[in-house]
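Accompanying notes for the structure given below.
The values are calculated or read from the model by the stated rules, or taken from the named source; none is laboratory data. A quick note: this is a predicted structure, and the numbers were derived from the prediction, not measured. Don't worry about glycine lacking a Cβ; one is built from the backbone with ideal geometry, like all the others, and counts go over all protein chains shown.
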Amino acid sequence: MKTTMVLLCLALVSWGANAQMDHTMKGMNELKTKVADKSAVPTSIMVKHSLLVTSIIDNYLALKNALVEDNSKKAASSGKLLFDALGKFNLSSQSESQQKGLKDILDDAKENAEHISENGDKIDHQREHFEILGTDIKDLIIITGADRTLYQVYCPMFDNKKGGKWLSESNEIRNPLFGSKMSKCGSVTLTITVK
Ligand SMILES: [Cu+2]
């Protein structure tokens, strides 16, 4: 079963790549080169160094690893710790022009973390909120900076093949959106490095 799922996942990844190729065949050569480059090299961005989000990243990654292990109780307790860490973020440490955007991101992240903490018996529900949370945390660290290298990983199978992303401390794939059901589904789409 596991092997079938992994193969299905791989098949979809290559189907996606083929669809992209078909599209570019009809398009201009310039576009073709662009897409080819994109698929060959994962994009990377560099953010400033900051210790302001250390406990947010720590607890996000603990939550992620609990979901990798299919441990919904641990995910709930990490979700609570993450909720608290998000609440402690000092907005006044940031420039005034960034505070409004940051507040929106933090509010959204807190709501997702709260739902995860309150649904220790519903791992699928936790995973839905966790997927959205990954984008919040990425958006947050692009503004605030980070204290370590992070990888954004994409699995095309999540949510009836709409796909889903998360952040990881490692480029080795361990899938928190499916856990042991499809632990190897995913590929690094973005590397976030620290200046
Ligand atoms: Cu919910």
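Could you figure out which of (1) more than 20 Å from Leu51 (Cα to Cα); (2) surrounded by 13 or more Cβ atoms within 10 Å (Cβ to Cβ) isn't true of Asp84?
Of (1) more than 20 Å from Leu51 (Cα to Cα); (2) surrounded by 13 or more Cβ atoms within 10 Å (Cβ to Cβ), only one is false for Asp84: (1).
Ser92 passes all but one of (1) closer than 15 Å to Thr144 by Cβ; (2) within 16 Å of the ligand (Cβ to nearest atom); (3) small (Gly, Ala, Ser); which number fails?
Only one criterion in (1) closer than 15 Å to Thr144 by Cβ; (2) within 16 Å of the ligand (Cβ to nearest atom); (3) small (Gly, Ala, Ser) is unmet by Ser92, namely (2).
Can you tell which of Ile132, Ile123 is in the same structural domain as Leu61 (by TED's automatic domain parsing), within 14 Å of the ligand (Cβ to nearest atom) and free of Cβ contacts under 8 Å to residues at least 40 places away in the same chain? Please lay out each step first, then the result.
Details: Ile123 fails: free of Cβ contacts under 8 Å to residues at least 40 places away in the same chain.
The conditions single out Ile132.
Mind listing whichever residues of segment 99-118 are within 22 Å of the chain's Cα centre (by Cα), more than 16 Å from the ligand (Cβ to nearest atom) and not hydrophobic (A, V, I, L, M, F, W, C)? Quick ask: steps written out before the conclusion?
Residues of segment 99-118 that are within 22 Å of the chain's Cα centre (by Cα), as a first pass: 101-118.
If we keep only those that are more than 16 Å from the ligand (Cβ to nearest atom) too, we end up with 101-106.
Scanning segment 99-118 gives Gly101, Lys103, Asp104.
Name the single residue that is surrounded by the fewest Cβ atoms within 10 Å (Cβ to Cβ) among those in segment 140-177 being farther than 30 Å from Gln94 by Cβ and without any contact (Cβ under 8 Å) to a residue 40 or more places away in the chain.
Among those residues, the one meeting the criterion is Asn160.
Which condition does Arg127 not pass, out of (1) over 25 Å from Lys48 (Cα atoms); (2) more than 15 Å from the chain's Cα centre (by Cα); (3) of a type outside the set (Ser, Thr, Tyr), if it passes all the others?
(2)
Residues of segment 67-80 being without any contact (Cβ under 8 Å) to a residue 40 or more places away in the chain and more than 13 Å from Glu114 (Cα to Cα), which ones?
Residues satisfying the conditions are Asn71, Lys74.
Among the residues of segment 130-139, count how many are surrounded by 19 or more Cβ atoms within 10 Å (Cβ to Cβ) and closer than 23 Å to Ser180 by Cα.
Taking segment 130-139 first, the residues surrounded by 19 or more Cβ atoms within 10 Å (Cβ to Cβ) are 130-131, 133-134, 136-138.
If we keep only those that are closer than 23 Å to Ser180 by Cα too, we end up with 130-131, 133-134.
Total meeting the criteria: 4.
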